[in-house]
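To start, the structure itself, in structure tokens.
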Amino acid sequence: MSVAKVIEIISNSTVSFDDAVKQGVSRASDTLHDITAAWVKDQSVIVSAGKVTEYRVTMKVTFLLKGGDKPARGKKK
């Protein structure tokens with residue numbers, strides 16, 4: 001049996017939304033292992049002097065927890 005956890009992260013880029021997603025997943029994979037999915041929950045931009053200066057994405061990242069294949073422990077009496 002596998003057990004997964006979902007966390008929410010925010011990532012940004014000065015290039016594009018796509019780049020913000022890629023940077024977010026790349027950074028998350030530095031500390032999280034077995035990432036299986038990422039869902040973009042929200043997108044926004046920062047505007048300065050009438051120009052888009054930053055792209056931001058809020059993502060839900062799913063990863064597998066280690067030890068999920070171990071059998072359940074019995075209850076102690």
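Points to keep in mind about this one:
- In the range 3-18, residue surrounded by the most Cβ atoms within 10 Å (Cβ to Cβ) [restricted to those that are over 10 Å from R56 (Cα atoms) and touching a Ser or Thr at 6+ places or on another chain (Cβ under 9 Å)]: I9
- If you go through the range 26-54 and keep only what is over 11 Å from the mean Cα position of the chain (by Cα) and basic (K, R), you end up with just K51.
- When the range 1-54 is limited to residues that are among the charged types (D, E, K, R) and in contact (Cβ under 8 Å) with a residue 40 or more places away in the chain, the one that is nearest to G67 (Cα to Cα) turns out to be K5.
- Every test in (1) part of a strand (DSSP E or B); (2) without any contact (Cβ under 8 Å) to a residue 24 or more places away in the chain is passed by F63 save one, and that test is (2).
- Selection within the range 24-40 - modelled with pLDDT of 95 or more and surrounded by fewer than 12 Cβ atoms within 10 Å (Cβ to Cβ): S26, D30, T31, T36, W39
- Residue check for V21: surrounded by 15 or more Cβ atoms within 10 Å (Cβ to Cβ) and outside any loop (DSSP other than H, G, I, E, B): yes
The values are calculated or read from the model by the stated rules, or taken from the named source; none is laboratory data. Here the structure is a predicted model, which means the values were calculated and not measured. Note: ideal-geometry Cβ built from the backbone for every residue, glycine included; neighbour counts use all protein chains shown.
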